[in-house]
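Have a look at the structure below before the remarks.
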Amino acid sequence: MAELTEKVKDFFTSAKINKSTLMDVLSEFLAVEMGGQKLYEKALTLVSDSEVKTKFREFHRQTIKHQKVLTEVIHKLGGNTRAQSAGAKVATEKAQALLRSMDGNGLSKDQAELNAIENIVLAETKDHADWELIGKIARQSNDDRLREVLGAAASEVEQEEDEHLNWTRKKLGELQMESLTKGATSDKKSDSPKVEAPITKSSMKRTGGRARSRTKASSKSKSRARTTR
C-alpha cells in the first residue's frame, strides 16, 4: 500500500473530513467490492491455469470478506448500506461493462482467459486505490472515531489488497509472454560457424612464393616445347 514515508507524514497531517462526502465514497467502495466478487466468479469460469484458479478462489473469498468489513464500517459510522450514492451507481455500471466484455466476443479460449485476468487487474487497481484512501483518511483525520473505525478496517484488509493487485498483474504479464511465444519457430543457428584464418605477412609470402614457383615452372615448360619444335 502506501510507502512508509508517506504514512509517517500522514500521521503528522490533520484533516477535517466531510462526513456526508465520506459516506458517499464508502458506498462507492462497497459497490466496487461487490462488482469485484462477480468478476471473480465470472473469471473462474474462463481461466484454465491451475495456479490462477487457486489464487482467484482465495481472492474471491477475501473480496467477500472485504465487503463485510466495509458494511460494518458504514454501520458503525451511522450510514445505510442499502442506499447507493451516485458514485456507487457508476461503479456498478463499470463492473457490468467488464462482465459484458467477458462474454465470448469472438475470442479464442486463451484470449478469453487473458481478457478475464486483465479485467481483474483493472478492478483490483481501483479496489487497491480505495483501500489506500481509507488508510490515509484514518491516519489524517482529526476525528477519533474515524481514526479508530477506518484504521482497524485498513489494517485488516490492506495486505490482502496488495497481494490481489501485485500477484494478478505479474501473472498476467507471464501468461501474455507465453501466448506471444506459443507456436513460434526460431532460426537454427550453426553449431560450428566457419571462421576464416587471419591474413598475415608470412602467409602472404608463402602464397606469393608458391605463385612465383608455378609461374617459373610454366615458363620452363613453354621454352622446352619451342626447342623441341
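The values are calculated or read from the model by the stated rules, or taken from the named source; none is laboratory data. Being a predicted model, the structure only gives us computed values, none of them experimental. Neighbour counts are summed over all protein chains in view; Cβ atoms, including those assigned to glycine, are modelled from backbone coordinates with ideal geometry.
Side notes on the structure shown:
- So Val149, is it farther than 20 Å from Gln37 by Cα, in contact (Cβ under 8 Å) with a residue 60 or more places away in the chain and surrounded by 15 or more Cβ atoms within 10 Å (Cβ to Cβ): yes
- Some residue of the stretch 46-56 being crowded, with 17+ Cβ neighbours inside 10 Å and within 30 Å of Ala138 (Cα to Cα): yes
- Within the stretch 84-101, considering residues that are among the polar types (S, T, N, Q) and either without any contact (Cβ under 8 Å) to a residue 12 or more places away in the chain or not in a helix (DSSP H, G or I) (or both), the one farthest from Ala153 (Cα to Cα): Ser101
- Residue list for the stretch 8-28, restricted to those being modelled with pLDDT under 60, of a type outside the set (Phe, Trp, Tyr) and either assigned to a loop (DSSP other than H, G, I, E, B) or in contact with a helix residue (DSSP H, G or I) (Cβ under 8 Å, 6 or more places away or on another chain) (or both): Asp10
- When the stretch 77-123 is filtered for residues that are basic (Lys, Arg) and either under 20 Å from Tyr40 (Cβ atoms) or buried (at least 19 other Cβ atoms within 10 Å of the Cβ) (or both), the ones remaining, listed by number, are Lys94, Arg100, Lys109.
- Residues of the stretch 159-183 that are among the basic types (Lys, Arg) and more than 8 Å from the chain's Cα centre (by Cα): Lys182 alone.
- Selection count, the stretch 47-83, where residues are more than 27 Å from Gly104 (Cβ to Cβ) and not in a helix (DSSP H, G or I): 7
- Considering (1) within 20 Å of Val157 (Cα to Cα); (2) touching a Phe, Trp or Tyr at 6+ places or on another chain (Cβ under 9 Å); (3) modelled with pLDDT of 95 or more, the lone condition that Leu44 does not fulfil carries the number (1).
- Identity of the residue in the stretch 18-51, among the aliphatic types (A, V, I, L, M) and in contact with an Asp or Glu (Cβ under 8 Å, 6 or more places away or on another chain), that ends up farthest from Glu93 (Cα to Cα): Val47
- Condition met for Asp49 (over 29 Å from the mean Cα position of the chain (by Cα) and either polar (S, T, N, Q) or on the phi < 0 side of the Ramachandran plot (or both)): no
- Residue-level check: of (1) assigned to a loop (DSSP other than H, G, I, E, B); (2) among the polar types (S, T, N, Q); (3) at pLDDT 95 or above, Ser186 misses just (3).
- Matching residues in the stretch 57-76 - criterion: being exposed (fewer than 14 other Cβ atoms within 10 Å of the Cβ) and more than 30 Å from Glu113 (Cα to Cα): His75
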